[in-house]
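Visitor: For reference, the structure I am asking about is given below.
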Amino acid sequence: MGRYVAKNFRLDSKGLAKVLGPLEKAVMEVLWGRGGATGKEVFEELRRRREIAVTTVFTVLERLYRKGLLHKTRDDGAFVFRPAYSREELARSVSREVLEGVLDLWRGSAVASIVDILASKDPDELDRLSRLIDQKKLEMEKRGK
């Protein structure tokens, strides 16, 4: 995935809206639901929910393809678009990209903040983080690092 997916990360938004515009998110939802579709099929599905131009849908599909979020193949004269990543894979990749950026700036403060946030919002996740750290340490020991 391109390293620029999270470049417009919006803290005030929820879920995928943090990194995708509203129409990009709607297009991805259609494609995740169908597994793949032509631009016309995506347009038809979106048109049932909102007023939209076919050229707008094709522009968004091409933008998502250039960002590396879609695969594009030709089938019987039409392009078929398929998600390059599942929702979970996209979330994981964006999380990693954002965290790497934060850690590059303020490593110690960022790690402490992550621990504090997990402790206050979801102590079970804090336990999971502890287990992941232990597991990663074992893996590194086995590799001799």
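None of the figures in this text is laboratory data; all of them are computed from the coordinates on show. If you're wondering where the values come from, they're calculated on a predicted model, not measured in any experiment. Don't worry about glycine lacking a Cβ; one is built from the backbone with ideal geometry, like all the others, and counts go over all protein chains shown.
Visitor: What does DSSP give for the chain in terms of the percent of beta bridges that are antiparallel, rounded to the nearest 5?
Guide: Here the share of antiparallel DSSP bridges comes out near 100 percent.
Visitor: With a Cα-only, solvent-free Debye model of the stretch 7-121, what are the log10 I(q)/I(0) values at q = 0.17, 0.21, 0.23 Å⁻¹?
Guide: -0.85, -1.15, -1.32
Visitor: Within the P(r) computed for the stretch 59-145, what percentage of the Cα pairs occupies the region above 15 Å?
Guide: So the pairs more than 15 Å apart make up 75 percent of the total in the stretch 59-145.
Visitor: Report the Cα-based extents of the stretch 51-90 along its three principal axes, largest first, to the nearest Å.
Guide: Ordered largest first, the stretch 51-90 gives principal extents of 29, 27, 16 Å.
Visitor: Something else now. Under 5 Å between amide H atoms, partner at least 5 residues away or on a different chain: which partners does Ala84 have, H built in plane at 1.01 Å?
Guide: Leu70, His71
Visitor: Semi-axes of the equivalent ellipsoid of the stretch 101-145: what are they in whole Å, largest first, if each equals the square root of 5 times a C-alpha gyration tensor eigenvalue?
Guide: Taking √(5λ) for each Cα gyration eigenvalue gives 22, 17, 6 Å.
Visitor: Shifting gears a bit: Alpha carbon centre of the stretch 109-125 versus the stretch 25-63: separation in Å?
Guide: Between the Cα centre of the stretch 109-125 and that of the stretch 25-63, the gap is 38 Å.
Visitor: Additional query: Percent relative contact order of the chain, based on C-alpha pairs within less than 8 angstrom and at least six residues apart?
Guide: 20
Visitor: Starting from the alpha-carbon convex hull of the stretch 31-70, give the projected area averaged over all orientations, in nm².
Guide: With the hull built on Cα positions only, its mean projection is 2.7 nm².
Visitor: For a paramagnetic label modelled at 7 Å from the Cα of Asp75 toward its Cβ, which residues of the stretch 11-44 fall within the zone defined by backbone nitrogen distances under 20 Å?
Guide: 27-44
Visitor: Which cross-chain or sequence-distant (5 or more) residues have an amide H under 5 Å from the amide H of Thr38, H modelled 1.01 Å from N in plane?
Guide: Excluding prolines and chain starts, which carry no amide H, the hits are Phe81.
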